[in-house]
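Working notes for the structure below.
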Amino acid sequence: MDARPKSGPVLGIETSCDETAAAVVAPDRRILSNVVLSQLDEHRIYGGVVPEIAARAHLDHLDSVIAQAMSDANLGFPDLAGVAATGGPGLIGGVLVGATTAKAIAMVHNLAFMGINHLEGHALTARLTDGIEYPYLLLLVSGGHCQLLAVEGVGRYRRLGTTIDDAAGEAFDKTAKLMGLGYPGGPALERAAERGDATRFDLPRPMVGRPGCDFSFSGLKTAVRRRVEELGDGLDDQAKADLAASFQVAVAASLVDRSGRAIALFEAEHGTGRGFVVAGGVAANKALRAALAGLAERHGMVFVAPPLALCTDNAAMIAWAGQERLALGMVDGLDFRPRPRWPLDPEAARSIGAGAVKA
Ligand code: KG4
Ligand code: ZN
């Protein structure tokens with residue numbers, strides 16, 4: 001007979017990119033611990049995440065990050081009901097480190113193991129933080145993804161739109177880099193934009209007014225590059241700030257337009273008054289959050305944007321997705337195979353956006 005507890009705290013592990021993270025979450029949504037070790041300094045000199053360096057850093061730090069998460073939660077492994085680890089998509093070296101460690105803990109302590117899709121972690125965060133009910137509309141904007149999804153239940157995600165080129169975070173990162181704003185680009189660009197005049201540069205509003213809910217950011221990035229070239233030596237701090245502000249306004253207009261269309265599709269199926277959730281690292285951007293909150297309000301939708309620390313990569317979201325799956329008996333065997341690519345919507349498997357390294 002299986003003596004495993006059916007319910008209890010779940011340890012989550014996240015190693016799919018450049019954060020080594022572990023967290024413990026209780027079934028009643030309490031976050032008992034949440035440890036995130038960023039590898040930013042290890043990658044900064046390269047201006048981006050180097051997969052081999054990331055995998056080695058995860059290997060070096062994961063055990064102590066897990067020990068910290070368990071000690072913060074004041075628990076031992078036998079107190080857990082399960083262990084959940086990101087099983088993809090992401091940099092496969094790191095994913096292997098996290099998933100293998102999780103399986104070992106599960107095996108030694110006879111705990112349930114759940115291999116979690118990193119995007120599902122982002123998608124379900126609003127249920128962890130706000131207890132929002134299914135179904136809801138999700139705008140997932142991160143370094144590797146830019147998608148609009150109808151979230152109808154655990155494992156039931158329907159993609160309404162995606163990017164045909166760069167992800168939103170990727171656009172922030174690349175644009176910041178070509179403006180010489182440093183790494184990571186998103187927060188640097190937002191800081192610059194705070195001092196900028198968004199009306200100085202007239203940049204294109206990608207996809208606005210087009211049918212469908214897809215995104216595209218490469219044209220906007222190219223437009224910024226052209227302005228940078230035209231400015232030449234005139235690209236002083238003020239010009240950078242103005243360009244950053246103009247870029248941010250263009251991205252906001254695009255996200256609002258595309259989300260507005262998805263809301264119409266979503267409401268036709270699920271009715272009005274549902275939730276509109278924005279998740280992923282780009283959701284940390286205050287100007288974008290405000291624009292999307294305004295959109296939700298105009299549609300009478302409940303707007304949920306998780307707190308910043310739970311928008312960027314973390315393990316609490318993985319532990320929570322593990323809780324939801326454990327409650328439904330959706331556990332995985334120890335033969336679970338980590339996967340570098342893993343679309344949330346199986347229907348979308350053939351048309352994943354380019355550059356989906358970060359999720
Ligand atoms: O979700 P996340 O932490 O990692 C994954 O991509 O999975 O998202 C990271 C992305 C990066 O592209 C980063 O530049 C962007 O989120 N980001 C931001 C901000 N903070 C992080 N983009 C715009 N404004 C921000 N404040
Ligand atoms: Zn992420």
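The values are calculated or read from the model by the stated rules, or taken from the named source; none is laboratory data. What you see is a predicted model, and the numbers here were worked out from it, not measured in a lab. For neighbour counting, all protein chains shown are included, and Cβ atoms are generated from backbone atoms with ideal geometry for every residue, glycine included.
Return the total of residues in the range 1-41 being more than 11 Å from ALA315 (Cβ to Cβ), within 16 Å of ligand 2 (Cβ to nearest atom), surrounded by fewer than 19 Cβ atoms within 10 Å (Cβ to Cβ) and not small (Gly, Ala, Ser).
Total satisfying the criteria: 1.
Could you tell me whether VAL10 is within 17 Å of LEU326 (Cβ to Cβ) and at pLDDT 95 or above?
yes
Please tell me if ALA126 is within 16 Å of ligand 2 (Cβ to nearest atom) and at pLDDT below 95. For ALA126, the condition - within 16 Å of ligand 2 (Cβ to nearest atom) and at pLDDT below 95 - is not met.
Looking across the range 24-47, the residues that are touching a helix residue (DSSP H, G or I) at 6+ places or on another chain (Cβ under 9 Å) and of a type outside the set (A, V, I, L, M, F, W, C) come down to PRO27, ARG29, SER33, ASN34, GLN39, GLU42, HIS43, TYR46, GLY47. Checked against the criterion of being of a type in the set (Gly, Ala, Ser) and under 27 Å from HIS270 (Cα atoms), the candidates ALA123, ALA176 yield just one match: ALA123.
Can you tell me which of THR86, THR101, THR163 is outside the structural domain of GLU267 (by TED's automatic domain parsing), out of contact with any Pro (no Cβ under 8 Å at 6 or more places or on another chain) and within 16 Å of ligand 2 (Cβ to nearest atom)? Spell out the reasoning first.
On the way: THR101 fails: within 16 Å of ligand 2 (Cβ to nearest atom); THR163 fails: outside the structural domain of GLU267 (by TED's automatic domain parsing).
Residue meeting the stated conditions: THR86.
If I filter the range 49-61 for residues that are more than 16 Å from ligand 2 (Cβ to nearest atom), in the same structural domain as LEU328 (by TED's automatic domain parsing), under 25 Å from PRO184 (Cβ atoms) and not in a helix (DSSP H, G or I), do I get at least one hit? Yes, the conditions are met somewhere in the range 49-61. Among the residues of the range 117-127, those that are out of contact with any Pro (no Cβ under 8 Å at 6 or more places or on another chain) and more than 12 Å from ligand 1 (Cβ to nearest atom) comprise GLU120, LEU124, ARG127.
In the range 268-284, the residues that are outside the structural domain of ASN117 (by TED's automatic domain parsing) and under 28 Å from GLN248 (Cβ atoms) form Cβ pairs under 7 Å with partners that are more than 16 Å from ligand 2 (Cβ to nearest atom) and small (Gly, Ala, Ser), at six or more places apart or across chains, as follows: PHE276/ALA296. Considering GLU152, GLU194, the condition of being surrounded by fewer than 23 Cβ atoms within 10 Å (Cβ to Cβ) and within 13 Å of ligand 1 (Cβ to nearest atom) is satisfied by GLU194 alone.
PRO206 meets each of the listed conditions (1) surrounded by 21 or more Cβ atoms within 10 Å (Cβ to Cβ); (2) within 14 Å of ligand 1 (Cβ to nearest atom); (3) under 13 Å from PHE247 (Cα atoms) apart from (2).
Pull up the range 94-116, narrow it to residues that are within 16 Å of ligand 1 (Cβ to nearest atom) and assigned to a helix (DSSP H, G or I), then point me to the one that is farthest from GLY153 (Cα to Cα).
Within the range 94-116, the first condition is being within 16 Å of ligand 1 (Cβ to nearest atom), and the residues that meet it are 94-95, 98, 116.
Checking the rest, the ones that are also assigned to a helix (DSSP H, G or I) come to 94-95, 98.
Values: GLY94: 28, VAL95: 25, GLY98: 26 Å.
Here the residue is GLY94.
The set of residues in the range 65-93 being in a loop (DSSP other than H, G, I, E, B), under 14 Å from ALA26 (Cβ atoms) and free of Cβ contacts under 8 Å to residues at least 60 places away in the same chain consists of ASN74 alone. So for the range 219-226 (the condition being in contact (Cβ under 8 Å) with a residue 40 or more places away in the chain, over 23 Å from GLY280 (Cβ atoms) and either exposed (fewer than 14 other Cβ atoms within 10 Å of the Cβ) or assigned by TED's automatic domain parsing to the domain that holds GLN147 (or both)), does at least one residue qualify? Looking for residues that are in contact (Cβ under 8 Å) with a residue 40 or more places away in the chain, over 23 Å from GLY280 (Cβ atoms) and either exposed (fewer than 14 other Cβ atoms within 10 Å of the Cβ) or assigned by TED's automatic domain parsing to the domain that holds GLN147 (or both), one finds at least one in the range 219-226, hence yes. Residues that are modelled with pLDDT of 95 or more and touching a His at 6+ places or on another chain (Cβ under 6 Å) within the range 263-285 comprise just one, ILE263. Taken over the range 120-153, the criterion of being of a type outside the set (Val, Ile, Thr), in contact with a strand residue (DSSP E or B) (Cβ under 8 Å, 6 or more places away or on another chain) and part of a strand (DSSP E or B) is satisfied by TYR136, LEU137, LEU138, LEU139, LEU140, CYS146, GLN147, LEU148, LEU149, ALA150, GLU152. Please find, within the range 169-187, the residue that is nearest to ligand 2 (Cβ to nearest atom) out of those that are touching a Gly at 6+ places or on another chain (Cβ under 8 Å) and of a type in the set (A, V, I, L, M, F, W, C). Restricting to residues being touching a Gly at 6+ places or on another chain (Cβ under 8 Å) and of a type in the set (A, V, I, L, M, F, W, C), the top hit is PHE172.
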